[in-house]
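K.L.:
Pasting a structure below so you can have a look.
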Amino acid sequence: MIVGLLHRLSEKLPRVVHRISVMMKPQVVFVLGGPGAGKGTQCARIVENYSYTHLSAGDLLREERSRKGSEFGQLIDSYIKEGKIVPVEITINLLKKAMEETMKVDEKKFRFLIDGFPRNQDNLQGWNTVMDGKADVKFVLFFDCGNEVCIDRCLERGKSSGRTDDNRESLEKRIQTYLQSTRPIIEQYEKQGKVRTIDASRSVDEVFADVKNILDKEG
């Protein structure tokens, strides 16, 4: 009887361990849209109302750029100023580290909004290679906004943000990079039925009402 019990327990144990490991896997929502589409603003609202942790690829890169003694600081700086996409290894390493540190502090914090990533095919391939089996991408939250609206918002933000890339020259380069590199990624996820599109040209409250509907539906 005891042998039978132990046998049944040993059969169940891998399933229990597997279930726990699946439970602990980061659940990711990629947040994409052009510069000035309101990704950061909406992510802040989501964090206030839902159990998500917001990770901005751009913020992580800017923090790393200004971190004393960073081996990547100068490289990141030159890429950002040129409106180019930073090498994928650096970005994924920073995202992975941030998720691990968050979950180490609180294991219940396994839901992440990753804002401004993946920005191109190289980003996506890098993510699939490094994070395959280590994180689940639930869907893409796409903030769709016209180029001129985006530029105007960023120029307004630049008056107080202190960001070196919030000027018209950098913005036009960033929008071209977005159209050429990021839009095809959104289209790829669309084919998989994983994109939730929101008209981001409206007010913050109107946009968040749509975000709320999506998150309430997705769970």
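K.L.:
Using only Cα atoms, figure out Rg for the stretch 95-208 and give it as a multiple of 2.2 N^0.38 Å. It would help to have the intermediate numbers written out before the result.
P.N.:
Working: Rg = 16.1 Å, N = 114, 2.2 N^0.38 = 13.3 Å.
Cα-based Rg divided by the globular estimate yields 1.21.
K.L.:
Counting only protein heavy atoms and using a 1.4 Å probe, what share of the accessible area of the chain belongs to carbon plus sulfur, as a whole percent?
P.N.:
Accessible surface attributable to carbon and sulfur in the chain totals 52 percent.
K.L.:
So if I place +1 on the C-beta of Lys and Arg and -1 on the C-beta of Asp and Glu, and nothing else carries charge, what would the dipole magnitude of the stretch 39-153 be about its Cα centre? I want it in debye, nearest 20.
P.N.:
For this selection, approximately 200 debye.
K.L.:
Which value, in debye to the nearest 20, gives the size of the charge dipole of the stretch 105-157 about its Cα centre, when Lys and Arg are +1 and Asp and Glu are -1 at the Cβ?
P.N.:
220 debye
K.L.:
List the residues whose amide H sits under 5 Å from the amide H of Val195, counting only those 5 or more places along or on another chain, with H placed 1.01 Å from N in the peptide plane.
P.N.:
Under 5 Å from the amide H of Val195: Val140.
K.L.:
Express the Stokes-Einstein translational diffusion coefficient of the chain in µm² s⁻¹, to the nearest whole number, given a Kirkwood radius over alpha-carbon pairs, 20 °C and a viscosity of 1.002 mPa s.
P.N.:
114 µm²/s
K.L.:
Over the stretch 125-219, with the other protein chains present, what is the accessible area per residue in square angstrom, probe 1.4 angstrom?
P.N.:
Numbers: 5240 Å² over 95 residues.
Per-residue accessible area for the stretch 125-219 comes out at 55 Å².
K.L.:
While we're here: Counting Lys and Arg as +1 and Asp and Glu as -1, what is the net charge of the other residues whose Cβ lies under 13 Å from the Cβ of Glu169?
P.N.:
Values: positive: Lys81, Arg168, Lys173, Arg174; negative: Glu82, Asp165, Asp166, Glu172.
Around Glu169, the charge tally is 0.
K.L.:
Cα centroids of the stretch 24-90 and the stretch 133-197: how far apart, whole angstrom?
P.N.:
First find each Cα centre; the distance between them is then 12 Å.
K.L.:
Dipole of the chain, Cα-centred, from +1 at each Lys and Arg C-beta and -1 at each Asp and Glu C-beta, to the nearest 20 debye?
P.N.:
Once rounded to the nearest 20, the dipole reads 700 debye.
K.L.:
Which GluC sites (Glu not before Pro) in the stretch 39-89 sit in a loop by DSSP (not H, G, I, E or B) and have at most 10 other Cβ atoms within 10 Å of their own Cβ?
P.N.:
Glu71
K.L.:
So, one more: Once the whole set of protein chains is in place, how much accessible area is left on Thr129, using a 1.4 Å probe, in Å² to the nearest 10?
P.N.:
110 Å²
K.L.:
Now, a different point. With labels modelled as points extended 7 Å from the Cα through the Cβ direction, what inter-label distance (nm, one decimal) is found for Val47 paired with Thr129?
P.N.:
3.0 nm
K.L.:
Can you give the longest run of the chain that contains no trypsin sites (Lys or Arg not before Pro) sitting in a DSSP loop with at most 16 other Cβ atoms inside 10 Å?
P.N.:
1-66
K.L.:
Which one, Ala209, Trp127, Gly146, is farthest towards the positive end of the dipole of the stretch 97-219 when Lys and Arg carry +1 and Asp and Glu -1 on their Cβ?
P.N.:
Most positive-ward Cα: Trp127.
K.L.:
Give a residue-ordered list of calculated ³J(HN,Hα) values for the stretch 43-50 (Karplus: 6.51 cos²θ - 1.76 cosθ + 1.60, θ = phi - 60°; whole Hz; x for Gly, Pro).
P.N.:
Along the stretch 43-50, the couplings run 4, 4, 5, 4, 4, 5, 10, 9 Hz.
The values are calculated or read from the model by the stated rules, or taken from the named source; none is laboratory data. Keep in mind that this is a model prediction, so the values were computed, not measured. Ideal geometry is used to build each Cβ from the backbone, glycine not excepted, and the neighbour counts take in all protein chains shown. Calculation scope for accessible area: heavy atoms of the full protein, side chains included, ligands and nucleic acids excluded. Shrake-Rupley method; radii C 1.70, N 1.55, O 1.52, S 1.80 Å.
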